[in-house]
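Beneath this line is the structure, given in structure tokens, with notes to follow.
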Amino acid sequence: MNGEEVEKAKHVIYLLIALSMLVIALPRISFAGGMDWVNIFGIVWVLFSLLIVGAHLHFILGVDEEKKRALEDVRRAKLRQWEMKLLDKQERSESV
């Protein structure tokens, strides 16, 4: 296993742990009975655990890798434009 596979496996394990905690705790959290501190804590806990699940899914699905590739393509295109401008300036100065 290389480093990237180990990272993905680690995130899969963390995702499964977070989902299991959510599945076990969700039926035990009562959302009925008004907005007291216990219910607010339950809502915040569920939202935080969903955030964790989403973060691990984001990494596992490789959204960061696609974003990095797209940004690298943009950087290369800008570099080519800059290079063409410099070559054009150089040709103009040599022709004068």
Which distance in nm do the two modelled labels at Arg92 and Glu4 give, with both placed 7 Å along the Cα-to-Cβ direction? 4.3
13 Å beta-carbon shell around Tyr14, net charge (K/R +1, D/E -1): +1
Under 14 Å from the Cβ of Glu83, count the other residues' Cβ atoms, weight Lys and Arg +1, Asp and Glu -1, and hand me the total. +4
Taking Cα extents along the principal axes in Å straight from the coordinates, which label in (i) 40, 39, 21; (ii) 33, 29, 23; (iii) 84, 40, 13 is the correct one? (iii)
Between beta-carbons, use under 15 Å as the cut-off and find the net charge around Glu65, counting Lys and Arg +1, Asp and Glu -1. -3
In Å², and per residue, what accessible area does the chain have when probed at 1.4 Å with the other protein chains present? 85
Near Lys68, which lysines are there with a Cα under 23 Å away, not counting those fewer than 8 places off in the same chain? Lys8, Lys10, Lys78
With all protein chains present, how much of the accessible area of the chain (probe radius 1.4 Å) comes from carbon and sulfur, to the nearest whole percent? 67
Run the dipole for the chain about the Cα centre, Lys and Arg Cβ at +1, Asp and Glu Cβ at -1, nothing else charged, and hand back the magnitude in debye, nearest 20. 140
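The values are calculated or read from the model by the stated rules, or taken from the named source; none is laboratory data. Keep in mind the model is a prediction, meaning the values are calculated, not measured. Ideal geometry is used to build each Cβ from the backbone, glycine not excepted, and the neighbour counts take in all protein chains shown. When the accessible area is computed, the model is the full protein with side chains, heavy atoms only, and any ligands, DNA or RNA have been set aside. Shrake-Rupley method; radii C 1.70, N 1.55, O 1.52, S 1.80 Å.
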